[in-house]
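Heads up: the structure comes next, in structure tokens.
The values are calculated or read from the model by the stated rules, or taken from the named source; none is laboratory data. Please read these numbers as outputs of a predicted model, since none were measured by experiment. We place every Cβ from the backbone using ideal geometry, glycine too, and count neighbours over all the protein chains shown. For accessibility, only protein heavy atoms count, side chains too; no ligands or nucleic acids. Shrake-Rupley method; radii C 1.70, N 1.55, O 1.52, S 1.80 Å.
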Amino acid sequence: MPWLGIALHRLLDDQLKLPCVAYAADMALKLQPDAYSDKAYPDGMVVCEPLPGKYQTDPVLLAEVLSESTVKRDRGDKWLAYTALPSLHVYLLISQTAAHVEVYRRATAWKREDYVDVEAVIELPQPILTLPLAAIYAKVLALGLLGLEK
């Protein structure tokens with residue numbers, strides 16, 4: 001569901017202060033050599049020391065929109081590769097079937113935090129961001145494409 005990634009990108013882009021930049025799924029992330037792959041294309045990425053060119057190396061935030069075909073990889077190989085990046089502060093997993101975002105922060109040793117319901121708001125100190133689930137899910141809710149499971 002591309003609207004979730006687009007909504008997240010807009011939300012990030014509107015709030016970030018330079019030099020931090022938000023990227024969508026078309027920007028490659030170069031991973032460490034021992035990762036499952038040499039690169040990934042996260043659905044959302046924030047980099048505060050952006051590189052010119054076709055890939056980035058030091059994200060502070062990464063986000064993936066979960067789907068049936070990617071959920072195992074997003075929670076498995078990508079999880080391991082992403083959390084091994086020294087620059088990463090936050091990893092978001094965004095559900096397509098419910099207003100539900102999982103937040104993992106380096107500051108809490110990657111402990112899972114669940115934000116459920118469109119009323120929830122995610123506050124991030126690094127980078128400084130406020131992410132209301134209502135904004136992330138606005139279009140899919142308006143189109144009736146989200147079964148709100150609670």
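Magnitude of the Cβ-charge dipole of the chain, K/R +1 and D/E -1, about the Cα centre, nearest 20 debye? Before the final figure, lay out each step's value.
Working: 15 positive and 19 negative charges, 37 e Å.
For this selection, approximately 180 debye.
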For the chain the translational diffusion coefficient, Stokes-Einstein from a Kirkwood Rh over Cα pairs at 37 °C and viscosity 0.692 mPa s, in µm²/s, is roughly 213
Two-site FRET efficiency, A138 against L18, from Cβ-Cβ distance with R₀ of 35 Å, rounded to 0.05: 0.85
Is there a quick way to get the dipole size of the stretch 55-116? I mean about its Cα centre, with the Cβ of Lys and Arg at +1 and of Asp and Glu at -1; what is the value in debye to the nearest 20? 180
For E119 and D58, what is the calculated FRET efficiency with R₀ set at 30 Å and r taken between the beta-carbons, to the nearest 0.05? 0.35
Order V121, V21, V140, most accessible first, counting only protein heavy atoms with a 1.4 angstrom probe. V121, V21, V140
Divide by every residue of the chain the summed helix terms, -39500 (n - 2.57) for each DSSP H run of at least 4, and state the resulting mean residue ellipticity at 222 nm, rounded to the nearest 500 deg cm²/dmol. -6000 deg cm²/dmol
Per residue accessible area in Å² of the chain, where ligands, DNA and RNA are left out and the probe is 1.4 Å: 53
On C-alpha positions alone, give me the angle between the axis of helix 2-15 and the longest principal axis of the chain, in degrees, nearest 10. 70
Structure shown: which of K72/K111; K111/K139; K39/K111 lie over 21 Å apart, alpha-carbon to alpha-carbon? K111/K139; K39/K111
In the chain, carbon and sulfur make up what percent of the accessible area (probe 1.4 Å)? 57
For the stretch 136-144, in residue order, the Karplus 3J(HN,Hα) values (coefficients 6.51, -1.76, 1.60; θ = phi - 60°; whole Hz; Gly and Pro = x) are 5, 9, 3, 5, 5, 5, 4, 8, x
The long-range amide H neighbours of K39, using H built 1.01 Å from N in the peptide plane and a cut-off of under 5 Å, are L31
